[in-house]
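Since the structure comes first, as structure tokens, the remarks are kept for the end.
The values are calculated or read from the model by the stated rules, or taken from the named source; none is laboratory data. Bear in mind that the values here come from a model prediction, so they are computed numbers and not experimental data. No Cβ is skipped: glycine too gets one built from the backbone with ideal geometry, and neighbour counts run over all protein chains shown. Quick note on the areas: whole protein, heavy atoms, side chains included, nothing else; ligands and nucleic acids left out. Shrake-Rupley method; radii C 1.70, N 1.55, O 1.52, S 1.80 Å.
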Amino acid sequence: MIGTVVGGTVLAGVLLLRAGVPAGSAAQPLVVEYEDLPVDHQRGTIDYPQGPPVGGPHNATWLTCGVYDAPVPNELMVHSLEHGTLWLTYRPGLSQAQIDTLADLAGPAGVVSPYPGQDGDVVATVWGRQLHVSHADHPALTDFVARYGDGHTAPEPWANCFGGVSPAEGWLLVGRASA
């Protein structure tokens, strides 16, 4: 019974967000939580149940921090999430001003990248937590970054994404030439 109520609450929040409930209304977007995500290393392409993924099996190499103008390999980004990295993704076509806002929110130890086909114009992801919002200036996004951006939900918090590989190297590691 409790699982049904909680699941219904999360589903209701996602449906309200998709319906375009305005920012500042009583029905704010909800942070969706995912528990018991596996942390094993796998080679090759991995299918994730969410897009962008929130955790789970991943490549043994992680993606380096940065702001990218092309999609990044999920398998490497999930390893960066395991290290406590904040990932801010956007639907392609978002204005440069909005992308700049995301870059400021992510800071030097975060990742910003486009994610074709995602629900919501902007998605904030840390290990096991995700928020979909309609724009980079949404107050719920700022709250998410303040609450989760320090990496504390990750299995290896504060390891960060510095020293990882570039997306180009990453696509070769997972067996694809490019996005």
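Brief remarks on what is shown
- Approximate spin-label separation Phe162-Gln42, in nm, with each point projected 7 Å along Cα-to-Cβ: 3.1 nm
- Residues whose amide H lies under 5 Å from that of Arg129, counting only those 5 or more places away or on a different chain, are Tyr34; hydrogens are built 1.01 Å from N in the peptide plane.
- Percent carbon-and-sulfur accessible area, the range 48-179, ignoring ligands, DNA and RNA, probe 1.4 Å: 55 percent
- Global form of the range 49-179, assessed from the alpha-carbon gyration tensor, a/c cut-off 1.5: oblate
- Each peptide in 39-48, 146-155 was scored by the mean count of other Cβ atoms within 10 Å over its residues; highest first, the order is 146-155, 39-48.
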